[in-house]
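Every number in this text was worked out from the coordinates using simple rules, so none of it is lab data. Here the structure is a predicted model, which is why all the values come from computation and not from measurement. All Cβ positions, even for glycine, are placed from backbone atoms using ideal geometry, and neighbour counts span all protein chains on display.
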Amino acid sequence: MSDTKKISIEEYDYALPDERIAKFPLEKRDESKLLLYENGNISHTVFKNIADYLPENSLMVFNNTKVIQARILFHKETGAQIEVFCLEPHTPSDYVLAFQATGSCVWKCFIGNAKRWKSEVITKRFSIGAKTVELSARRIAEEEGTAFLVEFTWNDPTVTYSEILENGGQLPIPPYLHRETCDRDKETYQTVYSKIKGSVAAPTAGLHFTEAVFDSLRKRHIDCEEVTLHVGAGTFKPVKTETIGEHEMHTEFISVRRSIIERLIANNCHAVAVGTTSVRTLESLYYIGVLLSDGVWSADRELKVGQWMPYETESEILAVEAMRNILGYLDATGLETLKADTQIIIVPSYRFKVVKSIVTNFHQPKSTLLLLISAYVGDDWKRIYKYALENGFRFLSYGDSSLLKVD
């Protein structure tokens, strides 16, 4: 454990020229390049061929979260622009209830130009259909780190907060794209299977999938299942500490239906994870099952996987047993869906419990996502990224992807 926390982030740096960062997606999602890595062997193909490289009867797990228009721009009477970036709901804390809220709600937010906004109420007017809505925002508390609690109120009780964001907010494309959000991003920065609102960043490995790709997967009897992890702004944040032990991971909300747990058990808990968010969800399920080994199955129990739990827990229960513990919890509480929080960090020395293969894009230097990839392929991440750079691959959110397989 102590050695894990001493991992130097400098060892996970590489030169990424700005011109290799994809500023816009390809016209056809599935025409992107797909790097193939299997037990040290590297080659590449086109993404639309991915089904050819997966075993028949595989189980693929996707993150069906949907990106919300989380950036709201206000202008003070002085002309100063204040950006309020909605991260997660606070009151009500449930995502569904927060989006259904009428009249008011409170969110945890990042604030751009925070020094110019103290205690005063700021307002913004915009149209929702034929209505003109006035949205007001007030800072009410400072959270740990750089976040704030912001209370939103609006003057029309028939309007939900979901409608407020859809009409008054902007889609938060990654800052490293160095451009403004355009109308096309509203479609291209969502996966074709996105359903559950809550993310402030897209699960980008899924951006390459099309209905034609899903057809090819069905022909090989590959089962596609969905989980939900609402991606937080911290997902793509570079690590700024010298060692990984000093870095605090963000907490994210996960939601997994009973049927998915049953499907995992039927597949001996072997899954192909589409994206690092699906990896985090699947591996967190194992540790939730470990937590539930104590048999305390209360509906109001807080279920959270701590950042270092995988490295501090000596449990050797099998993944199937962990999943059965979750089913026992759902049976005892009468729930159909597991809801929990995870702060899991996956870095070298991590032992994967559920994920057998990963579909993922190419990540920023010195990021926790790159550390996750290294945890799976070891030092071969350097060979993989060198190959991608030398063979014209496009990097980051709108870039190309890889299929990583390790026996």
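When the scattering of segment 211-270 is computed by the Debye formula from its Cα atoms alone, each counted once and equally, what is log10 I(q)/I(0) at q = 0.30 Å⁻¹? Computed log10 I(q)/I(0) values: -1.17. Projected onto their three principal axes, the Cα atoms of segment 121-264 cover extents of 56, 49, 36 Å, largest first.
With one equal scatterer per alpha carbon and no solvent term, the Debye-computed log10 I(q)/I(0) for segment 184-297 at 0.10, 0.12, 0.13 1/Å reads -0.38, -0.54, -0.63. Listed by chain and number, the lysines whose C-alpha is less than 25 Å from the C-alpha of K186, apart from same-chain residues fewer than 8 away, are K23, K28, K33, K48, K66, K108, K124, K131, K195, K197, K237. As a rough guide to protection, the peptides 22-35, 58-71 ranked by mean Cβ packing within 10 Å, highest first, stand as 58-71, 22-35. Name all residues of segment 12-44 having a backbone nitrogen under 16 Å from the label point set 7 Å from the Cα of D407 along its Cα→Cβ direction, giving them as ranges. Inside the label zone: 37-42. The packing ranking of peptides 239-246, 293-300, highest mean first, is 239-246, 293-300, where packing means the average number of other beta carbon atoms within 10 angstrom of each residue. For the chain, the longest principal axis of the C-alpha atoms and the axis of helix 319-333 are separated by about 40°. In order along segment 285-291, the Karplus-derived 3J(HN,Hα) couplings, from 6.51 cos²θ - 1.76 cosθ + 1.60 at θ = phi - 60°, round to 4, 4, 6, 5, x, 5, 4 Hz, and Gly and Pro are given as x. Each label point was placed 7 Å from the Cα along the Cα-to-Cβ direction; for E312 and R184 their separation is 4.7 nm.
Largest first and in whole Å, give the semi-axes of segment 242-288's equivalent ellipsoid, each being the square root of 5 times a Cα gyration tensor eigenvalue. Please list the in-between numbers first.
On the way: eigenvalues 131, 27, 18 Å².
Ellipsoid half-lengths, sorted descending, are 26, 12, 9 Å.
Which angle from 0 to 90°, rounded to the nearest 10, does the C-alpha axis of helix 368-377 make with the longest principal axis of the chain? Between helix and principal axis, roughly 10 degrees. Rg ratio for segment 70-170: its Cα radius of gyration over 2.2 N^0.38 Å, N being its residue count, equals 1.00. When both bridge partners sit in segment 70-170, DSSP labels roughly 100% of those beta bridges antiparallel. Note on K76/T337: beta-carbon distance plugged into 1/(1 + (r/R0)^6) with R0 of 60 Å gives a FRET efficiency of 0.90.
Run the numbers for H270 and T132: contour at 0.36 nm per residue of separation, minus the present Cα-Cα distance, in nm. Before the final figure, lay out each step's value.
Working: separation 138, 0.36 × 138 = 49.68 nm, distance 5.14 nm.
Here the segment from H270 to T132 would lengthen by 44.5 nm.
Here, P(r) means the percent of Cα pairs in each 5 Å bin from 0 to the largest distance; for segment 136-199 it is 3, 12, 17, 19, 20, 19, 9, 1.
With the highest mean first, a sort of the peptides 349-356, 127-134 on other beta-carbon atoms found within 10 angstrom per residue produces 349-356, 127-134.
Translational diffusion of the chain was estimated from the Stokes-Einstein equation, with Rh taken as the Kirkwood radius over Cα pairs; at 10 °C and 1.306 mPa s the coefficient is 71 µm²/s. Each residue, A141 and T91, gets one label point 7 Å from its Cα in the Cβ direction; the gap between the two is 0.8 nm. Taking 22 Å as the straight-line reach from the Cα of K353, the lysines in range (excluding those fewer than 8 positions away in the same chain) are K5, K304, K339, K405.
Over the chain, dividing the summed -39,500 (n - 2.57) contributions of all DSSP H runs of at least 4 residues by the number of residues returns a 222 nm mean residue ellipticity of -6500 deg cm²/dmol.
Assuming R0 = 35 Å, what is the FRET efficiency of N113 and E248, from their Cβ-Cβ distance, to the nearest 0.05?
On the way: r = 24 Å, r/R0 = 0.70.
Approximately 0.90, to the nearest 0.05.
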